Amino acid sequence: MDLLRETGDESSVGLRDVARRVGVSVPSIYLHFADKQALLDAVCGEVFEQLHVALKTASADAPNAWEALRAQGVAYVSFALANPEHYRIVMMRGPNEHDPTEEIASGAFGHLLDGVVACIGLGILEGDPIELALKLWAAAHGIASLLIAKPKFPWPPIDELVDSTMCMAGSGLAAGSRLPDGLAPDEVVRRLDLLR
């Protein structure tokens, strides 16, 4: 975990480096991990367990489910930015062999899903909880991925950008779930103007 954080590049982390860091021989690593990829998977699994804890902590003091959901989105992006190489390995590579049902059953997704279910219970969101949670995850992942992939882009202040993006995603989802499909643009504008 430390080597990935220090180098910021998985290709710079070899099994020799890991062995040297923990004070063992390279062959002894193979007693625990089949190859470098298995080691990276284990490290990233540990990091994403930390994400689970970060999301839980972020929403613990929220005054309501809606604010908890927003706090989770902000915490998700903050976590990705604090662990960019770990995040890139797990979330930004090409297709991987991970079972998608494992991700849906993970603690991190479970917190998101619980928050969505609570907001449905309050009448804020409407629709299938898993579909709604996936849309919110897509928004958080989108901003996290852009910030990681384009660190030199002239972004506005990051904290404000992340918070406003999470607000936009949640509010847009709440409004969108109430607008029927196929409305003409002028009718969408008319209905949204009623919210002012």
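Each reported figure results from applying straightforward, stated rules to the coordinates on display, with no laboratory input. For clarity, every value in this text was computed on a predicted model and none was experimentally measured. Note: ideal-geometry Cβ built from the backbone for every residue, glycine included; neighbour counts use all protein chains shown.
Can you pull out the GluC sites (Glu not before Pro) in segment 124-196 that DSSP calls coil and that have at most 15 other Cβ atoms within 10 Å? Don't skip to the end; give the middle numbers.
Working: sites: GLU126, GLU131, GLU160, GLU187; in loops: GLU126.
Those that pass, being in a loop and sparsely packed, are GLU126.
Using Cα-Cα distances under 8 Å and only pairs 6 or more residues apart, what relative contact order does the chain have, in percent?
Values: 142 pairs, mean separation 40.4, N = 196.
Computed value for the chain: 21 percent relative contact order.
Under the 0.36 nm per residue contour assumption, what length would be gained going from the current alpha-carbon distance of LYS152 and ARG190 to full extension?
On the way: separation 38, 0.36 × 38 = 13.68 nm, distance 3.90 nm.
Length difference between fully extended and current span is 9.8 nm.
Find, to one decimal place in angstroms, the Kirkwood hydrodynamic radius of segment 2-180, where the mean of 1/r is taken over every pair of different Cα atoms and then inverted. It would help to have the intermediate numbers written out before the result.
On the way: mean 1/r = 0.0564 Å⁻¹.
Its Kirkwood hydrodynamic radius stands at 17.7 Å.
Candidates HIS111, ALA60, ALA71 compared by Cα position along the dipole of the chain: farthest toward the positive end lies ALA71, with charges placed on Cβ.
The length gained by stretching the chain between SER164 and ARG16 to full extension, at 0.36 nm per residue less their Cα-Cα distance, is 48.9 nm.
I'd like the FRET efficiency for VAL26 and ARG5, computed as 1/(1 + (r/R0)^6) with the beta carbon distance as r and R0 of 25 Å, rounded to 0.05. Before the final figure, lay out each step's value.
Numbers: r = 21 Å, r/R0 = 0.86.
FRET efficiency, VAL26 to ARG5: 0.70.
Per-residue extension of 0.36 nm, minus the Cα-Cα distance of GLU126 and MET91, leaves a gain of 9.8 nm for this segment.
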